[in-house]
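Shown next, in C-alpha cells, is the structure this report addresses.
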Amino acid sequence: MNSFEIRLDPFRAMVLTNAPIEVLGEGFRWLEGPVWFADHDCLYVSDIPNDRVLRWTQDGGVSVFRRPSGFANGHARDREGRLIGCSHQNRCITRLELDGTLTVLASHYRGKRLNSPNDIVCKSDGSIWFSDPPYGINTDYEGGKQASELPPSLYRLDGVTGALSVVADDFNGPNGLAFSPDERLLYVAETGHQFDPAASQYIRRFNVSADGRLSGGDRFYKVHPGFADGFRLDEDGNIWSSAGDGVHCISPQGELLGKILTGRVVSNVAFGGRNRSRLFICASQQLLAIYTNVRGCIRP
Ligand code: MG
C-alpha cells in the first residue's frame, strides 16, 4: 500500500490510492534532471556522481545514454525536440543536436566562467532559463572542485539572439525552476549553501513580463523536511516538489495539499508517460514512478 499524506481534501482526487510507487531502477549514486520525451516514449535522467545520463523505457528499462556527460544535471527539451542540459564539470549549457553532436550554448557571462549550471527550463518564446549555483564545483563528487568566478544567479538565454542575461542575482543558491502553465509566474528554488543546513531554503515566486524580465521574487513556500531541489507543475498550476520525505504537492495559493511518501530524499521529478499523468521521481539512489490523476503542465 502506498503512503500518501492527505493534508487538504482536493489532494484525494489528485492521486490514485491503488496505484503503486514503482521502482524503475536502483543502485545509482544521485539522480537529478529527469525529462520525458513523449514521441520516444522514454525518460532521460542524470546520475550525476557517475558522470552519465541514463535512458529509461518501459520495455527496455534503464540503459546508459551518454557517458561521460560532463557531470550533467538538469535537462529540458526545446521546441525543436532537442535535449538541453546542464554540465557541472564543463560549466556550461549544452544542446544535443538531432544528429548526435553536442553544441555548447553558454559557458561564460561577461568573460567569466559560469559556476555549475544546475537546472533548466525552456519557455515557449524559445528562451532557455537556468540556475547557476556553485554546487557542482564545490566537490569532486558532483563535478570537480574549481574556483567560482561569478555570483550564483539566474540566467535567460535568448532564443533568437543567443544573448545571455542575468534575470535575478539576489540568490543564495538558485536551484530548480519551473514556469506556471501560462508562463506568467516563475518558481525558483533557493537552497542556500550546501554545507549549511540552516541556510535559506525556499521556493520563491517571480512575475514574468512579456519581454522576459522578472519582478517580485518573494518567498512563496518552505518545504519541510528537507528542501525543494526541483519541481514540476501540473496543468492546474499545482507544484509537485521534491522534499526530504518524498514529493509534496503545493497549491498555487501556497497550501500543502498532500504528500507522496517515498521514504527517501527526493531531488527532482518529471511528469511523463501517456497523458503526462505519470510522475517520475528521482529518489536518491532509486528511480521511482507513480501514476497520478493529474496531468503535467504541457511545457515542463
Ligand atoms: Mg537541482
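The values are calculated or read from the model by the stated rules, or taken from the named source; none is laboratory data. Since the structure is predicted, the reported quantities are computational estimates derived from the model, not experimental observations. Neighbour counts run over all protein chains shown; Cβ positions are idealised from the backbone, glycine included. The protein model used for the area step is the full one, side chains on, heavy atoms only, and it has no ligands, DNA or RNA in it. Shrake-Rupley method; radii C 1.70, N 1.55, O 1.52, S 1.80 Å.
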Separation of alpha-carbon centers, region 113-191 and region 254-287, rounded to whole Å: 22
Signed unit charges on C-beta, dipole axis of the chain, positive-most listed residue Phe271, Gly144, Phe11: Gly144
Mean separation of Cα contacts under 8 Å, 6 or more apart, over the residue count of region 225-300: relative contact order %: 27
Carbon and sulfur %, accessible surface of the chain computed with the full protein complex present, 1.4 Å: 46
Distant alpha-carbon pairs in the chain (separation over 24 angstrom), percent: 46
At q = 0.17, 0.18, 0.21, 0.28 Å⁻¹, base-10 log of I(q)/I(0) for region 255-300 (Debye sum, equal scatterers on each alpha carbon): -0.50, -0.56, -0.74, -1.10
Over the chain: helical MRE at 222 nm, DSSP H runs n ≥ 4 each giving -39500 (n - 2.57), nearest 500: 0 deg cm²/dmol
Full-extension gain in nm, Asn207 to Ser107, via 0.36 nm per residue minus C-alpha separation: 33.4 nm
Nitroxide proxy distance, nm - points 7 Å out along Cα→Cβ at Ile6 and Asp158: 5.1
Mean accessible surface per residue for the chain, computed with a 1.4 Å probe while every protein chain stays in place, in Å²: 41
The chain: relative contact order as a whole-number percent, Cα under 8 Å and 6+ apart: 17
Whole-number percent relative contact order across region 47-178, with pairs defined as alpha carbons under 8 Å at least 6 apart: 18
Amide hydrogen neighbours beyond the local backbone of Leu16, cut-off 5 Å, H modeled: Asn293
